[in-house]
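The values are calculated or read from the model by the stated rules, or taken from the named source; none is laboratory data. The structure presented is a predicted model; accordingly, all values stated were derived computationally and were not measured. Cβ placement follows ideal geometry from the backbone for every residue including glycine, while neighbour counts extend to all protein chains displayed.
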Amino acid sequence: MDRAISLNCPNCGANLNITSEMETFACGFCGSRQIVQRHGGTISLKLLGDAIARVQVGTDRTAAELAVRRLREELASTELELQEFESNVAYREANAAGCGTIGCLFFLGWFVTAALASTNNPVLVLISFVATFVICIITAAQISSNRKTLRKTATEGRQDIHARKAMIESELREELQLLTNHRN
Ligand SMILES: [Zn+2]
């Protein structure tokens, strides 16, 4: 019976019994191929090429798994940001005064015109009548311009968030692909 020496697997750390006639072997726990190195009285284990590659893969795997977790969190927060953005846009659009404001101005002008009509001064009635229409048209133009600006800002903001989301998704796909490759 050969004298066996106990060493730890350099890949998985499992306890291995090395006998004197062993040159190369595969770890019974992780399967990594190893070479037994004897220098004078010391014996050590060295991983062979594919095992080194496997250790490297293990490092890449951990990095990829961490990246996947981080990217999923980023994706979730970007989706939340998009939701908040859309509800904010909807709120601002609902608040952008439209027909109601113009209607109020028109009726106010109509009341003033009617009140002036009782004074029997046709010039004042005419001025009030024209002013009502001019104010309504200017207000309508202003509201339309505000809405256009709002829509433009919303489109740009939306594109920006979607672009960032697409970038995270593409990074995530790459990392997941990396993990799939390592599994095979
Ligand atoms: Zn091992």
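Go through (1) in contact (Cβ under 8 Å) with a residue 60 or more places away in the chain; (2) loosely packed, with under 14 Cβ neighbours inside 10 Å; (3) among the acidic types (Asp, Glu) and name the single condition Glu65 misses. All conditions pass for Glu65, except number (2). If you go through segment 127-146 and keep only what is out of contact with any Gly (no Cβ under 8 Å at 6 or more places or on another chain) and in contact (Cβ under 8 Å) with a residue 40 or more places away in the chain, you end up with just Asn146. The set of residues from segment 87-118 being at pLDDT below 85 and exposed (fewer than 11 other Cβ atoms within 10 Å of the Cβ) comprises Ala94, Asn95, Cys99, Gly100. Out of (1) within 8 Å of the ligand (Cβ to nearest atom); (2) assigned to a strand (DSSP E or B), what's the single condition that is false for Gln37? Result: Gln37 passes all but (1). The residue that is modelled with the lowest pLDDT, counting only those in segment 9-34 that are of a type in the set (S, T, N, Q) and part of a strand (DSSP E or B), is Thr24. Being within 32 Å of the chain's Cα centre (by Cα) and not assigned by TED's automatic domain parsing to the domain that holds Cys9 is a property that holds for Leu75.
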